[in-house]
Structures are given as structure tokens and as C-alpha cells.
1. With (1) farther than 28 Å from K304 by Cβ; (2) open to solvent by less than 30 Å² (accessible area, probe 1.4 Å); (3) in contact with a Leu (Cβ under 8 Å, 6 or more places away or on another chain) as the list, and G181 as the residue in question, which single condition is left unmet?
2. I'd like the full set of residues that are closer than 16 Å to M185 by Cα and not acidic (D, E), limited to segment 244-260.
3. Quick one: is S187 small (G, A, S), surrounded by fewer than 10 Cβ atoms within 10 Å (Cβ to Cβ) and modelled with pLDDT under 95?
4. Kindly establish whether S132 is at pLDDT 95 or above, within 17 Å of Y238 (Cβ to Cβ) and either open to solvent by 50 Å² or more (accessible area, probe 1.4 Å) or more than 15 Å from the chain's Cα centre (by Cα) (or both).
5. Are any of the residues in segment 232-241 touching a residue at least 24 places away in the same chain (Cβ under 8 Å) and farther than 17 Å from M185 by Cβ?
6. Where in segment 190-309 are the strands (runs of 3 or more DSSP E), entirely inside, with at least 1 residues that are open to solvent by 40 Å² or more (accessible area, probe 1.4 Å) and over 30 Å from Q118 (Cβ atoms)?
7. Among the aliphatic types (A, V, I, L, M) and over 30 Å from K129 (Cα atoms): is that true of V293 in this structure?
8. Please state which of the following conditions V148 fails to meet, knowing it meets all the rest: (1) open to solvent by less than 40 Å² (accessible area, probe 1.4 Å); (2) more than 14 Å from the chain's Cα centre (by Cα).
Amino acid sequence: MATELQCPDSMPCHNQQVNSASTPSPEQLRPGDPILDHAGGNRASRAKVTLLTGHTHSSLPAELDAGACVGSSLNSESNGGSGDSSSYDAPAGNSFLGDCELSRQIGAQLKLLPMNDQIRELQTIIRDKTASRGDFMFSADRLIRLVVEEGLNQLPYKECMVTTPTGYKYEGVKFEKGNCGVSIMRSGEAMEQGLRDCCRSIRIGKILIQSDEETQRAKVYYAKFPPDIYRRKVLLMYPILSTGNTVIEAVKVLIEHGVQPSVIILLSLFSTPHGAKSIIQEFPEITILTTEVHPVAPTHFGQKYFGTD
């Protein structure tokens, strides 16, 4: 399940101890002191907080209490992307927003895949300028598949009954009909195969948006959708959210074709805080699903994936 960025005042962030009532505060700890995590009932895991100069660097597990701010990895690329997946080192100044600040400004519409070492490695390879195109595409396709799978998990299901080969009645679920994909050309086309691998018969539309040479504003050059798209839930595919302008224009086109923002799920691999915030401010009901929110987006993605870099 994707992690919603929810951080009410009464709930802790991922760089704060979950059960503050039964554990000492960081100010009371000595470097390296162990802390027991009691947030998960039978998940009695141990976490260690290392006190650093100026801020607390936490190695708490990503699967903490559902109310905690977890799931995002905001390591500065200027620091080489070092650090574990459940913590971040704040650089000087305000170069990016922490989880709680991001959640307050954007809200539950922004969903992040729970961070783990597998996802972190894929992100690292995609960002690595020395990675071969073969390794880049392989890692990109794997990350795309993870995002698509979670995107499908956001769609509605309904209960159904099937009969097994042994005659046993099994109560399960199945997709509700009425879904489609829309890729924003050209980099969004890299995500089409991942969607088809999961939904063989799904219909996919396309939008071509480019910057006008004179005004430098996003301009729609081409759009083709299923004729009944206004009745469908839409998985909008665009791997890199930098400014958010391209996606905003694409959503406007979908609205002109009768699609409501509340049924649009934006599938993305990487997003900047500005890009996500701009989209949600323009369309508060849209859902954004991504793996990372970071001030530096790998904008070379499309060129390297299609071999035009």
C-alpha cells in the first residue's frame, strides 16, 4: 500500500519517536542508546536514534505506526544520495521540505510507495550518470512496474465468488470495469508497457504537450482518448514531475473531455516538492502516486530511456 503523508499535530514524524509517553526524548538520550518501538503490537522491533549536531538522524523502520509520516526519502542529491531510506540529512537553508511540512502543504492526495532498499537501489541507478542505458532501462522498468501495481491498488474492486478446481467456493475480489490509462508523450510512453503487463486489455490514450518556443508555456499539440473516457477512471502516466506545468495542462485537457479530477490518479516515479504542490493546488481532488519527493528530479529520464541523450 502507498503511504499517505498525514501528519496531524498529535502524530509524530518519522524522525521522532512514536511512543513518546514511554520512551525518553532525544534530549535525554546519549548517542547510541537503544529505544524499543512499541507501536506495532506484535511487531516489537528495535530502533536506534543517533544524536547528530543540529538535528536528529533516525533509523526507525519504515513500517511504523500508520499515523506517522513515513514512506518518503528526501536525501539531498548534492550529498550523493547517501543515507538510509528512512532518514534524511537536512542541508543548510531550506532546499527541500520535510515530510510533515510537505504533508501540511499538500495533504493526503500525495501518496508515496513505502521506501525499502530495493526501491532505493532502483532510484540510485536511474540517477547515476555512469549507469549504462541497459541498466537504466532495466531499473526504470522495474520501478515503473512497482508504481503501476500500486496505482492499480488505488482503483475500486468489488467482491466476487469463484469455484476452485476442487469445488471449493472462494470469496475474492475483482476490478470494477471502467478504467483506462493516458500517457503524456513522450516520457510517459515509457510507462505504457508496465501498465499493459498488469492489464492486458486496458485502453490507453495519449497527450502530446510541448513548450511554445515564443512564450515558453506548455501547449497541447495532440490528444487522443477512448470516446467514453468521461465515464472511466484515469491512470495518468508521467515519470518525472519537475514544475508540474505539463501535468496541469494535461489534466485541463482531460477535464475538457468530461473527466473529473477526483477520478485521476497520476503515476510518477520522481517528483519535486514544487511540482507536486503546484498540481494539488490547481486540482485539489487529484491523486499523485510517486516513489520520491526530492528537490532535484532526474530530468534526463526520457532522453536516456529512449536513447536520445
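The values are calculated or read from the model by the stated rules, or taken from the named source; none is laboratory data. This one's a predicted model, so the numbers in the text were calculated from it and none came from an experiment. Ideal geometry is used to build each Cβ from the backbone, glycine not excepted, and the neighbour counts take in all protein chains shown. For the accessible areas, the whole protein counts, side chains as well, though only heavy atoms, and no ligand, DNA or RNA atoms are used. Shrake-Rupley method; radii C 1.70, N 1.55, O 1.52, S 1.80 Å.
1. Among (1) farther than 28 Å from K304 by Cβ; (2) open to solvent by less than 30 Å² (accessible area, probe 1.4 Å); (3) in contact with a Leu (Cβ under 8 Å, 6 or more places away or on another chain), the lone unmet condition for G181 is (1).
2. Going through segment 244-260, the residues closer than 16 Å to M185 by Cα turn out to be 244-254.
G244, N245, T246, V247, I248, A250, V251, K252, V253, L254, listed by residue number.
3. Values: small (G, A, S): yes; surrounded by fewer than 10 Cβ atoms within 10 Å (Cβ to Cβ): no; modelled with pLDDT under 95: yes.
When the stated conditions are applied, S187 does not pass them.
4. Working: at pLDDT 95 or above: yes; within 17 Å of Y238 (Cβ to Cβ): no; either open to solvent by 50 Å² or more (accessible area, probe 1.4 Å) or more than 15 Å from the chain's Cα centre (by Cα) (or both): yes.
So S132 fails the test.
5. Within segment 232-241, the first condition is being touching a residue at least 24 places away in the same chain (Cβ under 8 Å), and the residues that meet it are 232-241.
Then keep just the ones that are farther than 17 Å from M185 by Cβ; that gives 232-233.
Scanning segment 232-241 turns up at least one residue that is touching a residue at least 24 places away in the same chain (Cβ under 8 Å) and farther than 17 Å from M185 by Cβ.
6. Numbers: elements: 203-211, 218-224, 233-237, 264-267, 287-290.
Output list reads 203-211, 218-224.
7. Working: among the aliphatic types (A, V, I, L, M): yes; over 30 Å from K129 (Cα atoms): no.
No: the conditions fail for V293.
8. (2)
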